[in-house]
Amino acid sequence: MNRIEPWLHRLVIVGVIWLFATAGWVRMANRIPPSASAWDWAHIVVGALTTVLGIWFLRHCCRHGQWRQYFPYLVGDLKPTLNDLTGLFKGRLPRAGGSGLLPLIEGVGLLLLLAVGVTGIGWLVTEGSSDALFWRKQHLMFASGLFGFLVVHAIAALISVVDLIRDA
């Protein structure tokens, strides 16, 4: 196993948090302004690095058939997810690990992370053209979705901690 793979999740988290925390200082529309600030350039560099790390993390998560946990709808195996949803309505928390609702949520997050990165790169590649505004709009939409995912993911992580404590 590669030495950085155990750190991928943490590195992606740091990149995403930094990008969200500093996004308010970024001043770009359809082009990088001639007087671009350090925040603009840092957003581009950290965003590109986070995109590469996100792709690597997606690959890491999907190895050895694990993609079935994160994307069960691709193989028509939604029963564990539906069981978890039914359990929620009965007051039962979903179990951490394996298949079910929590890995499905993580899979959505992986796709949102990828979408934010791809649209950010699309925005950068088309910089200065009318297409850049399209990519910017998509980038902001997926970034909003990723932010919502982070809230849900934090709640799911707390559920996992409760699950670990319950089993101890």
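Set side by side, the residues Trp25, Trp41 differ, and just one is within 18 Å of Val118 (Cα to Cα) and among the aromatic types (Phe, Trp, Tyr), which is Trp41. Say whether the condition of being of a type in the set (D, E, K, R), within 19 Å of the chain's Cα centre (by Cα) and either on the phi < 0 side of the Ramachandran plot or not in a helix (DSSP H, G or I) (or both) is met by at least one residue in the range 80-103. Scanning the range 80-103 turns up no residue that is of a type in the set (D, E, K, R), within 19 Å of the chain's Cα centre (by Cα) and either on the phi < 0 side of the Ramachandran plot or not in a helix (DSSP H, G or I) (or both).
Condition check ((1) under 22 Å from Phe147 (Cα atoms); (2) modelled with pLDDT under 90; (3) surrounded by 16 or more Cβ atoms within 10 Å (Cβ to Cβ); (4) of a type in the set (Val, Ile, Thr)) across all residues:
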{"residue": "Ala23", "(1), (2), (3), (4)": "yes, no, no, no"}
{"residue": "Phe71", "(1), (2), (3), (4)": "yes, no, yes, no"}
{"residue": "Leu82", "(1), (2), (3), (4)": "no, no, no, no"}
{"residue": "Gly91", "(1), (2), (3), (4)": "no, yes, no, no"}
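Of all residues in the range 25-65, exactly one satisfies the criterion of being in a helix (DSSP H, G or I) and over 22 Å from the mean Cα position of the chain (by Cα), namely Ala38.
Taking the criterion of being loosely packed, with under 14 Cβ neighbours inside 10 Å and aliphatic (A, V, I, L, M), the residues of the range 25-40 that qualify are Ala29, Ala38. Only one entry in Ile13, Ile44, Ile17 is among the β-branched types (Val, Ile, Thr), under 22 Å from Leu146 (Cα atoms) and touching a Leu at 6+ places or on another chain (Cβ under 7 Å), namely Ile44.
Each residue in the range 125-168 was checked for being of a type in the set (Phe, Trp, Tyr) and in contact with a Phe, Trp or Tyr (Cβ under 8 Å, 6 or more places away or on another chain), and 2 of them qualify.
Check the range 110-122 and report whether any residue there is in contact (Cβ under 8 Å) with a residue 12 or more places away in the chain, closer than 20 Å to Val151 by Cβ and in a loop (DSSP other than H, G, I, E, B). So far as the range 110-122 goes, no, none of its residues is in contact (Cβ under 8 Å) with a residue 12 or more places away in the chain, closer than 20 Å to Val151 by Cβ and in a loop (DSSP other than H, G, I, E, B).
Quick test for you: out of Leu133, Leu102, Leu146, Leu124, pick the one residue that is more than 23 Å from Arg166 (Cβ to Cβ) and buried (at least 20 other Cβ atoms within 10 Å of the Cβ). Going through Leu133, Leu102, Leu146, Leu124 in turn, just one is more than 23 Å from Arg166 (Cβ to Cβ) and buried (at least 20 other Cβ atoms within 10 Å of the Cβ): Leu146. Just give me the residues in the range 41-69 being under 28 Å from Ser130 (Cα atoms), crowded, with 17+ Cβ neighbours inside 10 Å and of a type outside the set (Gly, Ala, Ser), in sequence order. Answer for the range 41-69, where residues must be under 28 Å from Ser130 (Cα atoms), crowded, with 17+ Cβ neighbours inside 10 Å and of a type outside the set (Gly, Ala, Ser): His43, Ile44, Thr50, Thr51. Of all the criteria given as (1) at negative phi; (2) out of contact with any Leu (no Cβ under 8 Å at 6 or more places or on another chain), the one not satisfied by Gly76 is (1). For the range 123-168, which positions are at pLDDT below 95, of a type in the set (S, T, N, Q) and part of a helix (DSSP H, G or I)? Listed by number, the list holds a single entry, Ser160.
The values are calculated or read from the model by the stated rules, or taken from the named source; none is laboratory data. These numbers were taken from a predicted model, which means no experiment stands behind them. So basically every Cβ, Gly included, is an ideal-geometry build from the backbone, and we count neighbours across all protein chains shown.
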